[in-house]
Amino acid sequence: ELKVEQNPLFLSMQEGKNYTIYCNYSTTSDRLYWYRQDPGKSLESLFVLLSNGAVKQEGRLMASLDTKARLSTLHITAAVHDLSATYFCAVDIPQGGSEKLVFGKGTKLTVNP
Amino acid sequence: GAGVSQSPRYKVAKRGQDVALRCDPISGHVSLFWYQQALGQGPEFLTYFQNEAQLDKSGLPSDRFFAERPEGSVSTLKIQRTQQEDSAVYLCASSLEVFALAGGSNQETQYFGPGTRLLVL
């Protein structure tokens, strides 16, 4: 059974600081997704990482994927308050015609002024 | 363009009542998914449709849960004889292409609706 583990689960940081969120998964997959969820809202797609060594950046967020280590990271640079949200990583399991995503438990990020 | 829409946004049901949750995927999207998200947790897979075919229902927690997508567009998730443990947010997602056909593109990205928050009393 595929397991996806994120750490930390809770992160409180000051504006202007840098930090990294880690996502480990237990079985082979070549596709990893990062989503953002604001309180009471649905999930917004941030990044799709499709191959080993993939790196994508959008604003203050940068995501990378190492399929050999089964590890993805989401790096936050010079955090601002607007980044406060819960961030989920999810791994795609194509099997038997299905493509379900298995999600981590999420990292709740709070950026303090 | 319009995203994935779901209705109702909120539903309060008495224990034992049947409920029906609706999902309108993005027009033209082949794949449709239902997920259940408990408070403070990540979404958990319930079921998957490719057009009108339900190809995977391995995540449905019991036979009280039933989903359909008869014409390959709108989908309904029905929960019979609701229990308190069914209280959660039910998310619908759709994607443009089937994974195997997308060939490693972004077209299999799942786009999520706003969810239906179900509270069973």
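The values are calculated or read from the model by the stated rules, or taken from the named source; none is laboratory data. Remember, predicted model here, so these are calculated numbers, not experimental data. Heads up, the Cβs are rebuilt from the backbone with ideal geometry, glycines too, and the neighbour counts pull from every protein chain shown.
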ask   = Does B:E85 satisfy being outside any loop (DSSP other than H, G, I, E, B) and either more than 11 Å from chain A (Cβ to nearest Cβ) or modelled with pLDDT under 95 (or both)?
value = yes
ask   = Within the range A:1-32, can you find the residues that are polar (S, T, N, Q) and within 11 Å of another protein chain (Cβ to nearest Cβ)?
value = A:Q6
note = Scanning the range B:47-77 residue by residue, those away from chain A (no Cβ under 14 Å) and either exposed (fewer than 14 other Cβ atoms within 10 Å of the Cβ) or among the hydroxyl-bearing types (S, T, Y) (or both) turn out to be B:P61, B:S62, B:D63, B:P70, B:E71, B:S73, B:S75, B:T76
remark   = Taking the range B:14-29 and keeping residues surrounded by 18 or more Cβ atoms within 10 Å (Cβ to Cβ) and farther than 15 Å from B:P114 by Cα leaves B:V19, B:H29
task = Kindly provide the set of residues from the range A:69-100 that are modelled with pLDDT of 90 or more and within 21 Å of A:K3 (Cβ to Cβ), ordered by number.
result = A:A69, A:R70, A:L71, A:S72, A:T73, A:L74, A:T86, A:Y87, A:F88, A:C89, A:A90, A:V91
ask   = So which pairs qualify, if the first residue must be in the range A:34-47 and in contact (Cβ under 8 Å) with a residue 12 or more places away in the chain and facing another protein chain (nearest Cβ under 7 Å), the second must be in a loop (DSSP other than H, G, I, E, B) and surrounded by fewer than 21 Cβ atoms within 10 Å (Cβ to Cβ), the Cβ gap must be under 7 Å, and the two must be at least 6 apart or on different chains?
value = A:S45/B:T109
Filtered residues of the range A:1-38 (kept if out of contact with any Ser or Thr (no Cβ under 8 Å at 6 or more places or on another chain), exposed (fewer than 15 other Cβ atoms within 10 Å of the Cβ), part of a loop (DSSP other than H, G, I, E, B) and of a type outside the set (D, E)) = A:G16, A:K17, A:S26, A:T27
